[in-house]
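Visitor: Right, I'll just put the structure down here and ask away after.
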Amino acid sequence: MRVGFVCKNTLGAYKKAQNERADGEENPSVLLFGFNGLGEVAYERELKGETRCFEDVATLSKQQKCVVVCGCITNARGHKRKSAIVAEQGRLIGVSDALHAVDGDVASGATLRVYDTSVGKMGVVVADDLAFPETLKSLAVCGSDFIVCPFGRVAPVHSSLVRAYGYCFGVPIFFCGDGVCMIADVSGDLAFSSSQSPAAFDFEIAKEYHLVQTRQRGFYGL
């Protein structure tokens with residue numbers, strides 16, 4: 001599968017550039033934006049038709065014939081959350097919120113979800129949830145073929161985290177933050193890393209399972 005990343009441009013700027021691209025270029029199977037893509041999205045303004053952020057994501061997924069995941073800040077009457085909008089083939093298929101909010105002005109959400117897509121089961125981990133291994137473990141146990149992570153400001157530790165999770169949970173991690181994108185495979189290596197935007201990489205999905213034995217001391221009577 002071909003994985004596309006947009007780690008610097010806005011969604012609008014990316015769409016404009018795609019309209020001017022040469023014919024014959026291969027579309028990605030999955031296109032991942034960080035939090036640069038949409039900025040803040042107000043649910044009330046979306047419902048009134050004053051903004052069309054969700055529609056823009058869905059339209060892009062139809063134009064590119066792929067799954068599009070775009071990070072953003074959703075605002076529900078003043079309650080702000082870090083979220084990811086997911087669309088495929090011109091249809092909005094869900095919004096995932098970060099379950100954890102760390103040292104910020106946003107609230108925690110309550111939606112952890114694995115999406116059934118044309119390219120496999122996709123787990124979505126949003127922003128600060130990357131710091132909580134149980135979140136990614138839950139997505140892996142629930143059958144994710146791969147996990148995507150839209151992120152904001154990136155620190156050096158995040159590269160180590162995605163590599164560790166890819167190895168420990170046996171699921172590839174696609175990461176897109178401000179100015180950097182990467183793919184961690186199930187061996188714990190970075191299969192791809194780039195600061196270019198947009199960027200694309202052809203990646204073969206592989207999952208890995210480990211048989212673990214644990215010996216415990218105890219008394220067993222007859």
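Visitor: Do you know which residues across region 76-92 are surrounded by fewer than 18 Cβ atoms within 10 Å (Cβ to Cβ) and of a type in the set (Gly, Ala, Ser)?
Guide: Listed by number, the residues that qualify are ALA76, GLY78, GLY90.
Visitor: Here's a follow-up. Mind checking which residues of region 115-146 are surrounded by fewer than 20 Cβ atoms within 10 Å (Cβ to Cβ) and part of a strand (DSSP E or B)?
Guide: Residues satisfying the conditions are TYR115, ASP116, THR117, GLY120, LYS121.
Visitor: Follow-up. Where residues in region 62-78 are in contact with a Lys or Arg (Cβ under 9 Å, 6 or more places away or on another chain) and without any contact (Cβ under 8 Å) to a residue 60 or more places away in the chain, which of them is nearest to GLN89 (Cα to Cα)?
Guide: Filtering first and then ranking leaves LYS62.
Visitor: If I filter region 96-111 for residues that are buried (at least 16 other Cβ atoms within 10 Å of the Cβ), under 17 Å from LEU31 (Cβ atoms) and not charged (D, E, K, R), do I get at least one hit?
Guide: Checking region 96-111: at least one residue is buried (at least 16 other Cβ atoms within 10 Å of the Cβ), under 17 Å from LEU31 (Cβ atoms) and not charged (D, E, K, R).
Visitor: Any idea which residue in region 54-75 is farthest from ALA127 (Cα to Cα), counting only those that are of a type outside the set (Lys, Arg) and exposed (fewer than 15 other Cβ atoms within 10 Å of the Cβ)? Even if it seems obvious, please write down each step before you answer.
Guide: Let us first name the residues in region 54-75 that are of a type outside the set (Lys, Arg), namely 54-61, 63-64, 66-75.
Subsequent filtering for residues that are exposed (fewer than 15 other Cβ atoms within 10 Å of the Cβ) retains 55, 63.
Details: GLU55: 23, GLN63: 27 Å.
The qualifying residue farthest from ALA127 (Cα to Cα) is GLN63.
Visitor: VAL148 fails exactly one of the following numbered conditions: (1) more than 21 Å from VAL69 (Cβ to Cβ); (2) at pLDDT 95 or above. What is the number of that condition?
Guide: Condition (1) is where VAL148 drops out.
Visitor: Checking THR51 against (1) closer than 28 Å to GLN196 by Cβ; (2) surrounded by 14 or more Cβ atoms within 10 Å (Cβ to Cβ): exactly one of these is not met. Which one?
Guide: (1)
Visitor: Can you find a residue that is modelled with pLDDT under 90, part of a strand (DSSP E or B) and either crowded, with 18+ Cβ neighbours inside 10 Å or more than 18 Å from the chain's Cα centre (by Cα) (or both) anywhere in region 2-15?
Guide: Checking region 2-15: not a single residue is modelled with pLDDT under 90, part of a strand (DSSP E or B) and either crowded, with 18+ Cβ neighbours inside 10 Å or more than 18 Å from the chain's Cα centre (by Cα) (or both).
Visitor: Looking for something in a strand (DSSP E or B), free of Cβ contacts under 8 Å to residues at least 40 places away in the same chain, closer than 21 Å to GLY177 by Cα and more than 14 Å from the chain's Cα centre (by Cα) - is there at least one such residue anywhere in region 91-111?
Guide: The answer is yes; a qualifying residue exists.
Visitor: Also, quick follow-up: Could we say that LEU31 is under 18 Å from SER194 (Cβ atoms) and free of Cβ contacts under 8 Å to residues at least 40 places away in the same chain here? If you could, list the steps in order and put the result at the bottom.
Guide: Working: under 18 Å from SER194 (Cβ atoms): yes; free of Cβ contacts under 8 Å to residues at least 40 places away in the same chain: yes.
So LEU31 fits the description; yes.
The values are calculated or read from the model by the stated rules, or taken from the named source; none is laboratory data. If you're wondering where the values come from, they're calculated on a predicted model, not measured in any experiment. Cβ sites come from the backbone with ideal geometry, for glycine too, and all protein chains shown count toward neighbours.
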